[in-house]
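Each remark here refers to the structure printed beneath this line.
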Amino acid sequence: MKDSKELFDYWHEQVRLKNFDLIGDSQPVPTQDLRHNCTNYDELRHLREVLLLDEEERSKVIAVIKYQCTAQVLQRRVGLLREKTDQQEEAYQDLEQKQSRFLQLLRVLQQKLLGKDQELAKLQNRITGLKTENEALRAEAENTKAYAELLQELESLRKQYESEKKKREALGRNNQRLGGQVSHAKRNKQKLDEARAALAECQRQLTNLAQDNQRLQHENQLLLAKLEEVQQFLKQNSHESRNHETS
């Protein structure tokens, strides 16, 4: 973000005025009409260099552009209206001089008739001059109001920025705490995975032992069956031997 003075000076140089007939119009002209129709305000706020800024910076720059365009067009309007006032005052003075010459030349009825006309013209010119001066004063007041609105907008932007900054700081702290919790959860998950792996290994070993036990039981049964066959064979041979000795 540029320094405030540098920012104001930069956009002050970018403002261009146009439609000077409307700027110098003696009739009341709304400030927003002067800003949109008599300056390049709409062009400046849509410049690429403005649109590429982030939202906060863009809002501040547009506020400065708005103020610079408003201030410059109102200042020019004050100048033009004062020039018109001076011109009308000069016309009034010239009319006064003409009236004086007519008063010297015409007397009696002509002097009275023309005097009334001249007085009416003087009053009309004076009224017009007062209206123009009143509009100049109103334009000055609008300029002051525009600057106050700019200060208010900048203060609002500053508060929004501070609020957003606090939210981001809080979010950063939450993310940091969440990171610690995630690390703790990862360690617990690792321990749980190791315990599950150990349990699976124990189950595998128990399965192998059960299979070995079944195999040994089967082999033991076979050996017992063979042992019974051998015992029966020996018993039978012993009985036949005794019978042979007796005979």
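Readers should treat all values here as calculations from the given coordinates under stated rules, not as data from a laboratory. Everything numeric here is computed off the predicted structure, so don't read it as measured data. Don't worry about glycine lacking a Cβ; one is built from the backbone with ideal geometry, like all the others, and counts go over all protein chains shown.
Just a few scattered comments:
- Charge dipole (debye, nearest 20) of the chain; +1 at Cβ of Lys and Arg, -1 at Cβ of Asp and Glu: 520 debye
- When you restrict to C-alpha pairs under 8 Å that are six or more residues apart and normalise by the size of the chain, the relative contact order lands at 19 percent.
- Among the trypsin sites (Lys or Arg not before Pro) in segment 80-150, those placed in a DSSP loop whose Cβ has at most 15 other Cβ atoms within 10 Å are Arg107.
- You can think of it this way: the chain between Leu17 and Ala185 has 54.0 nm of extra reach, that is 0.36 nm per residue less the Cα-Cα gap.
- Farthest toward the positive end of the dipole of the chain, out of Gln124, Ala141, Gln203, is the Cα of Gln124, where the dipole comes from beta carbon charges about the Cα centre.
- For the pair segment 1-37 / segment 57-119, the C-alpha centres are spaced 23 Å from each other.
- Hz values of 3J(HN,Hα) by residue in segment 13-27 - Karplus curve (6.51, -1.76, 1.60), Gly and Pro given as x: 6, 7, 6, 10, 9, 8, 6, 5, 4, 5, 4, x, 4, 6, 6
- Volume in Å³ per residue [convex hull over Cα atoms, computed for the chain]: 187 Å³
- Highest-fluctuation residue, Ala136, Ala71, Ala195 considered, GNM on the chain with Cα pairs under 10 Å: Ala195
- Note on Gln152 and Asn213: the extension gain reaches 13.0 nm, defined as 0.36 nm multiplied by sequence separation minus the Cα-Cα distance.
- Scanning residues 5 or more positions from Thr39 or on other chains, those with amide H under 5 Å from its amide H are Lys18, with H placed 1.01 Å from N in the peptide plane.
- Which of Tyr10, Gly24, Asn175, positive extreme of dipole for the chain (C-beta unit charges): Gly24
- Using θ = phi - 60° and Karplus 6.51 cos²θ - 1.76 cosθ + 1.60, couplings along segment 151-159 (whole Hz; Gly, Pro as x): 4, 5, 5, 5, 5, 4, 5, 5, 5
- Within straight-line reach of Lys145, meaning a Cα separation under 17 Å, sit the following lysines at least 8 residues removed in sequence or on another chain: Lys66.
- With a Förster radius of 35 Å applied to the C-beta separation of Lys112 and Ala91, the computed FRET efficiency comes to 0.90.
- Among the trypsin sites (Lys or Arg not before Pro) within segment 1-49, those in coil by DSSP and having at most 13 neighbouring Cβ atoms inside 10 Å are Arg16, Lys18.
- Calculated FRET efficiency for the pair Leu137/Ser163, C-beta based, R₀ 41 Å, to 0.05: 0.55
- Spin-label model, Arg242/Arg48: points 7 Å from Cα along the beta carbon direction are separated by 12.4 nm.
- As a proxy for reagent exposure, ranking Ile23, Ile65 by other Cβ atoms within 10 Å from fewest up yields Ile23, Ile65.
- For segment 83-173, the relative contact order comes to 35 percent (Cα pairs under 8 Å, sequence separation of at least 6).
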